[in-house]
1. With 130, 119, 82 as the choices, which residue is on the phi > 0 side of the Ramachandran plot and touching a strand residue (DSSP E or B) at 6+ places or on another chain (Cβ under 8 Å)?
2. Tell me yes or no: at least one residue of region 177-193 is out of contact with any strand residue (DSSP E or B) (no Cβ under 9 Å at 6 or more places or on another chain) and crowded, with 17+ Cβ neighbours inside 10 Å.
3. If residue 137 satisfies all but one of (1) surrounded by fewer than 19 Cβ atoms within 10 Å (Cβ to Cβ); (2) at pLDDT 95 or above; (3) in contact with a helix residue (DSSP H, G or I) (Cβ under 7 Å, 6 or more places away or on another chain), what's the number of the condition it fails?
4. Looking only at region 150-171, decide whether some residue is over 20 Å from residue 81 (Cβ atoms), without any contact (Cβ under 8 Å) to a residue 40 or more places away in the chain and out of contact with any strand residue (DSSP E or B) (no Cβ under 8 Å at 6 or more places or on another chain).
5. In a loop (DSSP other than H, G, I, E, B), out of contact with any helix residue (DSSP H, G or I) (no Cβ under 6 Å at 6 or more places or on another chain) and either at pLDDT 95 or above or surrounded by fewer than 19 Cβ atoms within 10 Å (Cβ to Cβ) (or both) - does that describe any residue in region 94-105?
6. So residue 128 clears everything in (1) surrounded by 12 or more Cβ atoms within 10 Å (Cβ to Cβ); (2) touching a residue at least 24 places away in the same chain (Cβ under 8 Å) except one condition, right? Which one?
7. Scan 192, 177, 203 and give me the residue that is in contact (Cβ under 8 Å) with a residue 24 or more places away in the chain and over 18 Å from residue 235 (Cα atoms).
8. Does region 152-162 include one or more residues that are more than 13 Å from residue 51 (Cα to Cα) and more than 17 Å from the chain's Cα centre (by Cα)?
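The values are calculated or read from the model by the stated rules, or taken from the named source; none is laboratory data. A quick note: this is a predicted structure, and the numbers were derived from the prediction, not measured. Neighbour counts are summed over all protein chains in view; Cβ atoms, including those assigned to glycine, are modelled from backbone coordinates with ideal geometry.
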């Protein structure tokens, strides 16, 4: 009799638990996120910062077509890591939810409500046969009447609120930086600089304005704004020089 490895067959249907209680397709989707480029979010009293590593693989590609940070509504944005095609579908859902809320209740949707609705959609795709989980994590940032917010949704549908969070391949490195340096009382400018330092720690080569994408939502204005290459370049010049990495013996 041929040997059948443990868990064989359970990864072919997302609605079937393995004997040890795992849903392999959901785990595979989470692994897809770990292979994605790094994105991060930082919440402070003055607003929220979203940043994402950007990598243009060919000189023939138009840089403006490479998007990792998306505007959802006037006061909400999202950064994605993993399968960006999956993320775009979720962003479209989010934009529809935001507009429906405005038409139905004549008010902007709260960041928490939007994050929970996206989490519900992701969780639904872990239950039914014939579909697969979304291979993308989203950081959803926004400012409402009760201040700034930052949420994360993962492929299983879990929704959690954060002061600062990172997703993608370099997430562990960025989170270590946040744990050492994050201060909720820092200014929005300081948060932008810390975000750029975190991106610099995970990208290949030197940090340049074409290697990072960034957006802010200020508490006072409550407006999503993407920073231009010129604005990013000015912030990059304000960064302290990186410490040299120790040479390998």
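1. Of 130, 119, 82, the one residue that is on the phi > 0 side of the Ramachandran plot and touching a strand residue (DSSP E or B) at 6+ places or on another chain (Cβ under 8 Å) is 82.
2. yes
3. (1)
4. Scanning region 150-171 turns up no residue that is over 20 Å from residue 81 (Cβ atoms), without any contact (Cβ under 8 Å) to a residue 40 or more places away in the chain and out of contact with any strand residue (DSSP E or B) (no Cβ under 8 Å at 6 or more places or on another chain).
5. No, that holds for no residue.
6. (1)
7. Unique residue meeting the criteria: 177.
8. no
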